[in-house]
């Protein structure tokens, strides 16, 4: 690791870096940062930089306030929108206790633990996310009508469109920070866009998602726009998901691929899918952590609401995409339930844990659904054994609370804080009087 430290110090000197931002996340995935000067780099690498963790959601208990940030030198990049003169750089950080142990509450630690368990079996998780978000015109104040930057739809080419300018600049910034983009395009909703990142190992991908969300917001502000990853910002329009493609590799080969098998999917791949399906109600509170997340899942605009899998069935919660027969590395599983406002470290950890449970316990994959599941009647779905996802955050938390797998995966501190925090969110939401209630009831009764 020392040579990586040296590389960072050399890059700081070569690029005249004046500030290094140390990035880390709280339990819900909100980005936090502090800035240090180049003179403090060596201390940061060897001793860590002290912070008051009690001020960060879920990071410590009140009597354990002192924490350390230790930057990961492999994540050093210049912050693209800050320019190359008097540059600013960033590094992702691990959160440590004062004695240098990984903090139980650090989302990066949660994911690393699950990746280590898979590595013990010779397996490595690779992830490719499709990240959707909306762009609106500024200024925006809560309570005002949202004004999308365009009225375009899926894959539309908008001549002189602000969205195209936005996507070009955002992709340039991401690639300048060594984050490889596979696609970018206009999504189905007005002002809705999507940026897909190339496959990478799960930890790198989670770090990249945090960076992408920051890039998107910064670029939008520079163009007098406002970006949101809110799962369902507008009634009657599609929500923003983060379809997540997952593959396990073993010995450099795709463990989900089996030549000649149906869909090219191996027994391990089928067991992984079975695990995702069986435990979906338990981890749904993590992959869909907001009250608003369930407006997307049950908003009738193509979000997956039912626990089933399919091949070319985009109504299914889990999809087995088409793979190139001559390219075994393309075999993968697409989990379509996650939204763009999740904490990616925790989301990848619980998806991996559920899939690995299916492999370890030898779960059988149920029959696939080839029909559009939304169009079936309740009786037809019941006959096929297709159960719904939780319909709101309250029900999701009830499933989460009783899950041994989630408690084991997240660890006691994250599990307990997340449950308490989200119960409070539900209580605050339930107390609100909405515009719908006023419009439908005020003048009638």
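From the list 275, 260, 264, 189, pick out the single residue that is at positive phi, crowded, with 20+ Cβ neighbours inside 10 Å and assigned by TED's automatic domain parsing to the domain that holds residue 368.
264
This table checks each residue for (1) within 15 Å of residue 135 (Cβ to Cβ); (2) outside any helix (DSSP H, G or I); (3) free of Cβ contacts under 8 Å to residues at least 40 places away in the same chain.
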| position | (1), (2), (3) |
| --- | --- |
| 172 | no, no, no |
| 184 | yes, yes, yes |
| 195 | yes, yes, no |
| 203 | no, no, no |
| 210 | no, no, no |
| 220 | yes, no, no |
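Please go through region 278-303 and give me each residue that is in a loop (DSSP other than H, G, I, E, B) and crowded, with 24+ Cβ neighbours inside 10 Å, ordered by number.
279, 288, 289, 303
For region 235-258, does any single residue satisfy the condition of being over 24 Å from residue 321 (Cα atoms) and in contact with a strand residue (DSSP E or B) (Cβ under 6 Å, 6 or more places away or on another chain)?
no
Condition first: touching a helix residue (DSSP H, G or I) at 6+ places or on another chain (Cβ under 7 Å), at pLDDT 95 or above and surrounded by fewer than 18 Cβ atoms within 10 Å (Cβ to Cβ). Can you find one or more residues in region 369-389 that meet it?
Taking every residue of region 369-389 in turn, none turns out to be touching a helix residue (DSSP H, G or I) at 6+ places or on another chain (Cβ under 7 Å), at pLDDT 95 or above and surrounded by fewer than 18 Cβ atoms within 10 Å (Cβ to Cβ).
Condition (residue is modelled with pLDDT of 95 or more, in contact with a strand residue (DSSP E or B) (Cβ under 7 Å, 6 or more places away or on another chain) and over 23 Å from residue 194 (Cβ atoms)) applied to region 339-354: is it met by at least one residue?
yes
Working only within region 58-80, note down all residues that are modelled with pLDDT under 90 and within 23 Å of the chain's Cα centre (by Cα).
Scanning region 58-80 gives 58, 59, 60.
Kindly check whether there is at least one residue in region 226-235 that is surrounded by 22 or more Cβ atoms within 10 Å (Cβ to Cβ), assigned to a loop (DSSP other than H, G, I, E, B), under 21 Å from the mean Cα position of the chain (by Cα) and in contact (Cβ under 8 Å) with a residue 24 or more places away in the chain.
Within region 226-235, one or more residues are surrounded by 22 or more Cβ atoms within 10 Å (Cβ to Cβ), assigned to a loop (DSSP other than H, G, I, E, B), under 21 Å from the mean Cα position of the chain (by Cα) and in contact (Cβ under 8 Å) with a residue 24 or more places away in the chain.
What helices (runs of 4 or more DSSP H) completely inside region 358-431 contain at least 2 residues that are touching a residue at least 40 places away in the same chain (Cβ under 8 Å)?
Output list reads 393-401, 404-410, 412-430.
Just wondering, is there one or more residues in region 390-406 that are closer than 30 Å to residue 102 by Cβ, surrounded by fewer than 10 Cβ atoms within 10 Å (Cβ to Cβ) and more than 21 Å from the chain's Cα centre (by Cα)?
Yes, region 390-406 has at least one match.
The values are calculated or read from the model by the stated rules, or taken from the named source; none is laboratory data. Fair warning: this is a prediction, and the values are worked out from it, not measured in the lab. So basically every Cβ, Gly included, is an ideal-geometry build from the backbone, and we count neighbours across all protein chains shown.
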